[in-house]
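Report on the structure given below.
The values are calculated or read from the model by the stated rules, or taken from the named source; none is laboratory data. Treat the numbers as computed from the prediction; the structure is a model and nothing was measured. Every residue, glycine as well, gets a Cβ built from its backbone with ideal geometry; the counts of neighbours run over all protein chains shown.
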Amino acid sequence: MILPEDFIQKTKPLLGDQWVSFTEALNEVSPTSIRFNKQKYSKLPEMESVPWCENGFYLPQRPSFTFDPLFHTGAYYVQEASSMFVGLVFKQYVKDQTVRVLDLCAAPGGKSTHIASLISEDSLLVSNEVIRSRANILSENITKAGYPNVIVTNNDPSDIGRMESFFDVILIDAPCSGEGMFRKDPQAIEEWSLGNVQLCEERQRRIVADVWDALRPGGILIYSTCTYNTGENEHNVQWIRDSLGAEILPLEVSPDWNIHPSFENNMPVYHFLPHLTKGEGFFLAVLRKSGEHSDKSEHSGKRNKKQGKAKLTPLEGEYKNYLTDNEKYTFFEKSSSWFAFPSVNIEQFEYIVSHLRLVSAGIYLGEIKGKDFIPQQSLAMSLALNTSAFEMVDIDKNTAISYLRKEAQTFSESPRGYLLLMYKGIPLGFVKNIGNRANNLYPNEWRIRSGYNPEDNQPFI
């Protein structure tokens, strides 16, 4: 790997006698890691675990995830191991509290799906992405994970900043110069320059400042990047502390994890370096906003006067039975489509609807066409799905791949109507069996487009 000369001159003094080990690690194969969704797949494999994440594991080699149906069920997420460190913040500072969380720069969704697995079911996660195409990818991954208490939005940080003191925790995985991705993404090397580093540092400060008012006094800010330099990391953390008013919080970490401390000023911040930890470059700091914890209930139903209130309508009939514990949900309709959202946070949902652009929220149950109620993929993926409400059909891998390609299906021995296809005991999606054939209801935009023969792709679990 040929590193930019300016990067060498800037980074080598930080690492000192570790520089040779660092550069050698950059020429090694990037490790592959996954994080299991234990609410969908509870039997964890006997593989090397990620030390700071109980559901994270390293794979001996990188398979073709596209052709593993379990991947499409949301049973696991392919996530860089260093990034899983975010979960430790929630375990140490959030624990079992009921919180409102914002993941500001969330696409493609690794950290959001991780956070959703850690917060209580009465908590609320807003997962935001400013670029619309990436927000759609984020929504897909959130949907596959299946957590009902998540809202995906598509807004600038300044839009969210107007929601004064609404969030208890904000994660800003800030757009950065990408030095930590050099090994994994050669394009990151081509795009790197000192000028870009400076632009990133300034942009990161603007992002933090724009959203700062949305964090309640006493709330937690998690600031992270995938880069090494002190400008985007230590200097920005110091700026947040001194300019915005915050306390830098320590984390309890094991010495065995080999996480590198601060390069400057001995701050409690955390660097993941590829020659020390098994993963890519990553930086994280935790800060607490100054001020006393205020009562957040006053924001629950406060709406933007320019926008209307969401139409909440009682859902009658059998469709409510598609969810377990359906009394915990509020059902609402929009353009003949039905949705469900946890009732405990319905006022907060209304508030968010009136302020932000929604991409998806809660559970998209289905669409009414004539007398027919067509169940949607969001329902199949949801952890709240009542599987007993549907006729279930167990399918093998080849049938699952065919379904995921949105090819024609036949289930001649199954009853007519909507069938829930199950792969290894986990819902994969719906078909409508009409006798001689079954209409494939898998989302067209999600389908596998590759013509590769997956027979050679061996499952790793």
Identify all residues within the range 426-447 that are without any contact (Cβ under 8 Å) to a residue 24 or more places away in the chain and assigned to a loop (DSSP other than H, G, I, E, B); write none if there are none.
-> Ile434, Gly435
Of all strands (runs of 3 or more DSSP E) completely enclosed by the range 246-296, which ones contain at least 1 residues that are farther than 16 Å from Gly180 by Cβ and within 26 Å of the chain's Cα centre (by Cα)?
-> 246-249, 282-289
Among the residues of the range 413-454, count how many are of a type in the set (A, V, I, L, M) and either more than 27 Å from the chain's Cα centre (by Cα) or farther than 25 Å from Ile137 by Cα (or both).
-> 4
Filter the range 361-395 for residues that are more than 16 Å from Gly146 (Cβ to Cβ) and of a type in the set (Ser, Thr, Tyr) and give the result.
-> Ser388
Which one of these does Phe85 not meet: (1) under 21 Å from Ile352 (Cβ atoms); (2) assigned to a helix (DSSP H, G or I)?
-> (1)
Need at least 1 residues that are more than 26 Å from Asn37 (Cα to Cα) and of a type outside the set (Asp, Glu) per element, so show me which strands (runs of 3 or more DSSP E) inside the range 329-414 make the cut, counting only ones lying wholly within it.
-> 329-334, 337-342, 363-369, 372-375
Please enumerate the residues belonging to the range 104-136 that are assigned to a loop (DSSP other than H, G, I, E, B), surrounded by 22 or more Cβ atoms within 10 Å (Cβ to Cβ) and of a type in the set (Gly, Ala, Ser).
-> Ala106, Ala107, Gly109, Ser123
Does Ser193 count as small (Gly, Ala, Ser), closer than 23 Å to Asn236 by Cβ and surrounded by fewer than 18 Cβ atoms within 10 Å (Cβ to Cβ)?
-> yes
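Rundown of residues vs (1) surrounded by 15 or more Cβ atoms within 10 Å (Cβ to Cβ); (2) assigned to a strand (DSSP E or B); (3) of a type in the set (D, E, K, R); (4) not assigned by TED's automatic domain parsing to the domain that holds Gly178, yes/no style:
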residue	(1), (2), (3), (4)
Pro13	no, no, no, no
Val29	no, no, no, no
Pro45	no, no, no, no
Leu70	yes, no, no, no
Leu102	yes, yes, no, no
